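Single-structure report; data block below.
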Amino acid sequence: MLRLAYEAGKTGGTATAVFNAANEVAVSRFLNREISFLSIEAVVERVLTRHCPVARPALDEILEADVWARKEALRL
């Protein structure tokens, strides 16, 4: 997860919001026994690879990225 966090930070823009949102959903799914602990990283990585980051996002773009990432993390 640290590697993914660094990559999201280097990418910047909406990538960090997507990382956080996907992580929150994946951890919640783990706590609800829907996925394994080791699947948390896989879910976050898949969501990040499907995301097209916006370099200098406005607040509404950040919020859109957050909602999208949460839906993707639930879908996977």
* Residues being part of a helix (DSSP H, G or I), surrounded by 15 or more Cβ atoms within 10 Å (Cβ to Cβ) and among the hydrophobic types (A, V, I, L, M, F, W, C): count how many of those fall in segment 29-73. => 11
* Looking at (1) within 16 Å of the chain's Cα centre (by Cα); (2) of a type outside the set (F, W, Y); (3) under 18 Å from K10 (Cα atoms), find the lone condition where E64 falls short. => (3)
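Please work out if T14 is in contact with a helix residue (DSSP H, G or I) (Cβ under 7 Å, 6 or more places away or on another chain), modelled with pLDDT of 95 or more and polar (S, T, N, Q).
Numbers: in contact with a helix residue (DSSP H, G or I) (Cβ under 7 Å, 6 or more places away or on another chain): yes; modelled with pLDDT of 95 or more: yes; polar (S, T, N, Q): yes.
Yes: the conditions hold for T14.
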* **segment 27-49 residues that are over 12 Å from R75 (Cα atoms), paired with ones that are surrounded by fewer than 16 Cβ atoms within 10 Å (Cβ to Cβ) (beta carbon under 6 Å, 6 or more apart)** => F30/F37; E41/M1
* Sort out which residues of segment 1-19 are touching a residue at least 40 places away in the same chain (Cβ under 8 Å) and of a type outside the set (A, V, I, L, M, F, W, C), and write them in order of number. => E7, T11, G12, G13, T14
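The values are calculated or read from the model by the stated rules, or taken from the named source; none is laboratory data. From a predicted model like this one, the values you see are computed outputs, not experimental measurements. Because the Cβ atoms are built from the backbone with ideal geometry, glycine has one as well, and the counts that use them run over all protein chains shown.
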